[in-house]
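Right, one structure below, let's go through it.
Quick note: the coordinates plus some simple rules give every number you see, no bench work behind them. Since the structure is predicted, the reported quantities are computational estimates derived from the model, not experimental observations. Virtual Cβ from ideal backbone geometry, glycine too; neighbours counted across all protein chains shown.
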Amino acid sequence: MILGANHSTDNQSKKTERLSFIKERYKKLVLEPRKEIEFEIERSLDDEDGAVESA
């Protein structure tokens, strides 16, 4: 029965590692670019607001 417990622990460990890997990839591929795009949009809007106020 100990063999079965070790197998279950190994599976859980592999699932945890896989989840961690997926979360890290999601962060790098989705969240970071999204933040960069949002920053660029806000900066662009701020620039437009400044140009309107100057005119």
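Rounded to the nearest Hz, the phi-derived 3J(HN,Hα) couplings of the stretch 25-42 under the Karplus curve 6.51 cos²θ - 1.76 cosθ + 1.60 (θ = phi - 60°) are 5, 4, 4, 6, 8, 10, 5, 5, x, 4, 4, 5, 5, 4, 5, 4, 5, 4, where x marks glycine and proline.
Here Arg25 and Leu45 are evaluated by their C-beta separation; at R0 = 30 Å the FRET efficiency comes out at 0.50.
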